[in-house]
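The values are calculated or read from the model by the stated rules, or taken from the named source; none is laboratory data. Only a predicted model underlies this, so the values are computations on that prediction, with no experimental measurement involved.
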Amino acid sequence: MEIRLFSVNNKIFKAMDEETLNRLAAEALIEEAKVGARRAEIMGPSGWVKPKETINKRFLRSTLRNAILSNRHRQRSKEKHFETSPHKDSSPKIDEKIKNKRKD
């Protein structure tokens with residue numbers, strides 16, 4: 001027999017029947033309404049609006065830092081590849097043609 005666990009309001013419960021789940025859901029909704037009412041007493045009607053979730057700044061900074069480092073690494077490896085590539089087009093004729101067109 002498999003025992004399933006789940007969490008409601010940071011409390012861990014074993015698998016339950018439909019009636020118990022409905023009761024817990026109703027209790028959670030009532031508790032949320034009470035908290036909203038308390039906030040509304042202090043803040044007015046805007047207290048019913050749930051507070052905005054905060055950003056996980058540590059995760060965001062880490063993600064951005066790693067993306068920047070990865071992009072730098074990729075750019076440097078591309079530059080090294082083009083510098084050492086045997087198929088590098090180093091034709092001065094093309095550069096001269098471009099310069100001559102700009103003069104006209």
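Under the condition of being assigned to a helix (DSSP H, G or I) and within 29 Å of the chain's Cα centre (by Cα), the residues counted in the stretch 40-55 number 3. Is it true that S7 is of a type outside the set (D, E), at pLDDT below 90 and outside any helix (DSSP H, G or I)? For S7, the condition - of a type outside the set (D, E), at pLDDT below 90 and outside any helix (DSSP H, G or I) - is met.
Condition first: among the acidic types (D, E) and modelled with pLDDT of 80 or more. Now tell me which residues in the stretch 74-92 satisfy that. Matches in the stretch 74-92: E79 only.
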